[in-house]
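One structure below.
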Amino acid sequence: MRQHRTFPRFRLLGSLLLVVAAGAAGLGAAPGGAAPGGAPPGGTAASAPRPLGDIVPAPASVRPGGDPYTLTPRTRIHVDDGAREARRVAAYLADVLRPSTGYALPVVDDDAGPGGIRLRLTGREAALGEEGYRLESGRRGVTLTARTPAGLFHGVQTLRQQLPASIEEDTRRRGPWQVAGGTITDTPRYGYRGAMLDVSRHFFTVGQVKRYIDQMALYKINKLHLHLSDDQGWRIAIDSWPRLATHGGSTQVGGGPGGYYTKAQYKDIVAYAASRHLEVVPEIDMPGHTNAALASYAELNCDGVAPPLYTGTEVGFSSLCVAKEITYDFVDDVVREIAALTPGRYLHIGGDEAHSTSHEDYVAFMDRAQATVATYGKTVIGWHQLTGANPARGALVQYWGLDRTSDAEKARVARAAQNGTRLILSPADRLYLDMKYTKDTPIGLSWAGYVEVRRSYDWDPGAYLPGVPDSAVAGVEAPLWTETVSSSAHIDLMAFPRLLGAAELGWSPAASHDWEAYRLRLAGQGPRMEALGIDFHRSPQVPWRTA
Ligand code: ACM
């Protein structure tokens, strides 16, 4: 259970400490070790390309060999004739590569001659699946092959990471821009690889969300879960209940102005995420975590009295009124309007920490709320407390327990899994990005303990919960709760580098899981994150290299 203290002057203090921490970072960079293939990791020598496969997440299969490919001012990006979606991926790639190389990199629709960068969509190659790709690199060119635009897009992220970190700079840099020779064939372990941003405790603008989306895409994350409502704020316009946003969205933790997304802004986020092959999973948390809604409409309260807005960080004190029929009108309207804005498959209905709802009421409420989600054509996701009610057929359950969670609770989740409910794993003492790394982390919480980079990475989702087979795991998600997180600099510090570990747990085969190898590949991402302006936690567990 999330039990939070309040942090009156925390944000200012946190920002100051963040500046100090950033200033101190980088001084103690330790030497790197061997990377895959035994070459120096990270392509540190300007003349040697980064070893093939020295990327995050680790690819499923790497066969290095042959000469590297070198981008030149004459390089063109070729796409299959007429493949519009491949062309979009090619345009994205060109946008990544042009500023730092200074090359024109025209995108051309042709098949004329070998050489250059080639993006190929093919209906064959069933083994590449929905998101896989193959990258073949040699002296004459680099070819990416996939069955889907998403596969090509993930291949582009691999190509990008094989290039020197300075490729990420937004002004012209010196090459050479080389990609090591050989073949990568890569498919994900799990289809659900998510990150959650809590935009309720602190509101984040569309621009801030897009920045995080771009960061996620680099590591092949494919779900953005937005926690759109909680006690402290309602963050999405609902036409049939306008005060949810205008009143319920008018503040946040600590009493700042809050905010909400208009429908156009939410659609803009959804479209931007789709352009990065991420699916948005909207969450409206119910029946608890609803003070912002209860404060906006007196009639939603059992006693008919609207509570004041809430800007603290306690949990478990609010509940929709399960006995009132208007509650279900509200749920229907909200679910209908959000489903209509959301092309993705899922609608998350929360269901956690309903401590002010009786068990009987909880079960009755979740039954009706799940039926409403189905009515509007979406698949339910709920926090794992839903396994204490009746998870709908096909629902996904998001596990956020920790080592000390009781055996009985773990067994209840395992029984649901054995009965066909698939799980998203977000163990709080592994993947909650709001947990402090150490006692010295300037922001964050610690109710689940301190979670350093190794602890966050070093576990196996497929063998994590007793009685839950790998086949019952849909994937992993790293949630970022924002009681103490209020800026993009804060997101950078808490999510990076742990988000990369979550991405690797979701993508890479279990057989490649190895902390010693991972920490070296992660070290190679330091200069890349720096080039992208990501002010990450310089964990002493990682032998960071400087650019
Ligand atoms: C949660 O952390 N209450 C899902």
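Rounded to the nearest whole Å², what accessible area per residue is found for the chain with the 1.4 Å probe?
Working: 19690 Å² over 547 residues.
Here the per-residue accessible area is 36 Å².
Before rounding to the nearest 500, sum -39500 (n - 2.57) across all DSSP H runs of length at least 4 in the chain and divide by the residue total; then give [θ] at 222 nm in deg cm²/dmol.
Result for the chain, helices only: -9500 deg cm²/dmol.
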Checklist outcome for this item: Dividing the mean separation of Cα pairs under 8 Å (6+ apart) by the residue count of the chain yields a relative contact order in percent of 16 percent
Checklist outcome for this item: Rounded to the nearest Å, the spacing of the alpha-carbon centers of the range 319-382 and the range 391-461 is 23 Å
Checklist outcome for this item: Of the range 242-273, those with amide N under 12 Å from the point 7 Å along the Cα→Cβ vector of E314 are none
Checklist entry - Between H355 and Q541, how many nm apart are label points set 7 Å from Cα along the C-beta direction? => result 2.9 nm
Next on the checklist: Given an 8 Å cut-off on Cα distances and at least 6 residues of separation, report the relative contact order of the range 409-542 as a percent.
Outcome noted: 27 percent
Checklist entry - Structure shown: which of K267/K378; K220/K267; K378/K436 lie over 29 Å apart, alpha-carbon to alpha-carbon? => result K378/K436
Item to check | Extent along principal axes [Cα atoms of the range 89-143; Å; largest to smallest] | outcome: 37, 23, 21
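With a ≥ b ≥ c the root eigenvalues of the C-alpha gyration tensor of the range 301-345, is it rounded (a/c under 1.5), prolate (a/b larger than b/c) or oblate? If you can, show how the numbers build up before the last one.
On the way: a/c = 2.72, a/b = 1.46, b/c = 1.87.
Note, shape of the range 301-345 comes out oblate.
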Item to check | Approximate spin-label separation R139-S61, in nm, with each point projected 7 Å along Cα-to-Cβ | outcome: 2.6 nm
Item to check | ³J(HN,Hα), Karplus 6.51/-1.76/1.60, whole Hz, each residue of the range 448-463, x for Gly, Pro | outcome: 9, x, 8, 10, 6, 4, 5, 4, 5, 8, 8, 7, 10, x, x, 9
Checklist outcome for this item: FRET efficiency (D440, D109; Cβ distance; R0 56 Å; to 0.05) is 0.55
Checklist outcome for this item: Per the charge dipole of the chain (beta-carbon charges, Lys/Arg positive, Asp/Glu negative, Cα centre), the residue among Q418, F330, V62 reaching farthest to the positive end is V62
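Pulled fully out, how much extra length does the chain show between R124 and R74, if you take 0.36 nm times their separation in residues and subtract their Cα-Cα distance?
On the way: separation 50, 0.36 × 50 = 18.00 nm, distance 3.08 nm.
Computed gain between R124 and R74 is 14.9 nm.
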Item to check | Full-extension gain in nm, A264 to Y328, via 0.36 nm per residue minus C-alpha separation | outcome: 20.5 nm
Checklist entry - With Cβ to Cβ distances under 10 Å as the rule, what net charge do the other residues near P527 carry (K, R +1; D, E -1)? => result 0
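Across all directions of projection, what mean area in square nanometres is found for the Cα convex hull of the chain? Each step should come with its number before you reach the end.
Details: hull surface 94.6 nm².
If I average the Cα hull's projected area over directions, I get 23.6 nm².
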Checklist outcome for this item: For K324, counting only aspartates and glutamates whose alpha-carbon sits under 13 Å away and dropping same-chain residues fewer than eight positions off, the answer is E299, D303, D361
Item to check | Crossing angle, helix 498-507 versus the chain [Cα axis fit, 0-90 degrees, rounded to tens] | outcome: 80 degrees
Checklist entry - Put +1 on the Cβ of every Lys and Arg and -1 on every Asp and Glu Cβ in the chain; which of G129, G288, T546 then has its Cα farthest towards the positive end of the dipole? => result T546
Checklist outcome for this item: FRET efficiency for R98 and N419 from the Cβ-Cβ distance with R0 = 45 Å, rounded to 0.05, comes out at 0.30
Item to check | Listed residues G175, L152, S508: farthest to the positive end of the dipole of the chain (Cβ charges) | outcome: G175
Item to check | Fraction of alpha-carbon pairs over 14 Å apart in the range 500-545 - percent | outcome: 52 percent
Checklist entry - Sorted by mean Cβ packing within 10 Å, highest first, what order do the peptides 400-409, 167-176, 130-139 take? => result 130-139, 167-176, 400-409
Item to check | Karplus-derived 3J(HN,Hα), 6.51/-1.76/1.60, for each residue of the range 120-131, Hz, glycine and proline x | outcome: 10, 9, 9, x, 7, 6, 3, 5, 6, x, 7, 9
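Round to a whole number: what % of the accessible area of the range 39-173 belongs to carbon and sulfur, probe 1.4 Å? Could you put the intermediate results ahead of the total?
On the way: 2720 of 5660 Å².
Carbon and sulfur: 48 percent of the exposed surface of the range 39-173.
To the nearest 20 Debye, how big is the dipole of the chain about its Cα centre, given +1 on the beta carbon of each Lys and Arg and -1 on that of each Asp and Glu?
Details: 57 positive and 57 negative charges, 358 e Å.
My answer is approximately 1720 debye.
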Checklist entry - Can you give the accessible area of Y260 in Å² (nearest 10), computed on protein heavy atoms with a 1.4 Å probe? => result 80 Å²
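Enter the per residue convex hull volume of the range 175-326, computed from alpha-carbon coordinates, in Å³ rounded to the nearest integer. If you can, show how the numbers build up before the last one.
Values: hull volume 23.1 nm³, N = 152.
So the per-residue Cα hull volume is 152 Å³.
The values are calculated or read from the model by the stated rules, or taken from the named source; none is laboratory data. Remember, it's a predicted structure, so these values are computed and weren't measured experimentally. As a convention, Cβ positions derive from the backbone with ideal geometry for all residues, glycine included, and neighbour counts pool all protein chains shown. Heads up: the accessible areas ignore ligands, DNA and RNA and are worked out on the full protein's heavy atoms, side chains in. Shrake-Rupley method; radii C 1.70, N 1.55, O 1.52, S 1.80 Å.
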